[in-house]
1. Could you list, in sequence order, the residues of the range 4-46 that are assigned to a loop (DSSP other than H, G, I, E, B) and more than 22 Å from residue 88 (Cα to Cα)?
2. Out of all the residues in the range 21-43, is one or more in contact with an Asp or Glu (Cβ under 8 Å, 6 or more places away or on another chain) and free of Cβ contacts under 8 Å to residues at least 12 places away in the same chain?
3. Could you please give the count of residues in the range 17-46 that are surrounded by 12 or more Cβ atoms within 10 Å (Cβ to Cβ), more than 22 Å from residue 82 (Cβ to Cβ) and polar (S, T, N, Q)?
4. Please enumerate the residues belonging to the range 47-92 that are among the polar types (S, T, N, Q) and either assigned to a strand (DSSP E or B) or surrounded by fewer than 10 Cβ atoms within 10 Å (Cβ to Cβ) (or both).
Amino acid sequence: MTKSELVDQVADRAELTKQDATRAVEAVLATVEDALRRGSEITLSGFGKFHVGERGARQGVNPRTGERIQIAATRIPRFTAGSGLKSAVKGR
């Protein structure tokens, strides 16, 4: 599903105009992005949790030269599905 398809679904289900649904979807995404940037986590009961994970520094290999390189540690976004979402996907 693309962002525009998501907007269409939100507009239909919430009985909103497409413009209002676009603003709502963009506001939710921006809020999640801002919270993760600050290192916070967002928990939506029954749906899941968005949080920031840490990936440690490690050795890598340049595929062109075969030379060993050091890959720096980084922060990455993570999502853990909640029980309600897991049950919905399983068809229960």
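1. Correct list: 15, 16, 17, 39, 40, 41.
2. Step one: filter the range 21-43 for residues in contact with an Asp or Glu (Cβ under 8 Å, 6 or more places away or on another chain), giving 21, 35.
Narrowing further to those that are free of Cβ contacts under 8 Å to residues at least 12 places away in the same chain: none.
No - not one qualifying residue is present in the range 21-43.
3. Qualifying residue count for the region: 1.
4. Applying the first criterion (among the polar types (S, T, N, Q)) to the range 47-92 yields 59, 62, 65, 70, 74, 80, 83, 87.
Once the filter is applied, which keeps residues that are among the polar types (S, T, N, Q) and either assigned to a strand (DSSP E or B) or surrounded by fewer than 10 Cβ atoms within 10 Å (Cβ to Cβ) (or both), the range 47-92 yields 59, 62, 65, 70, 74, 80.
Read-outs throughout are calculated quantities, based only on the coordinates presented, and are distinct from any laboratory measurement. Remember, predicted model here, so these are calculated numbers, not experimental data. Reconstructed Cβ throughout: ideal geometry from the backbone, glycine too, with neighbour counts over all protein chains shown.
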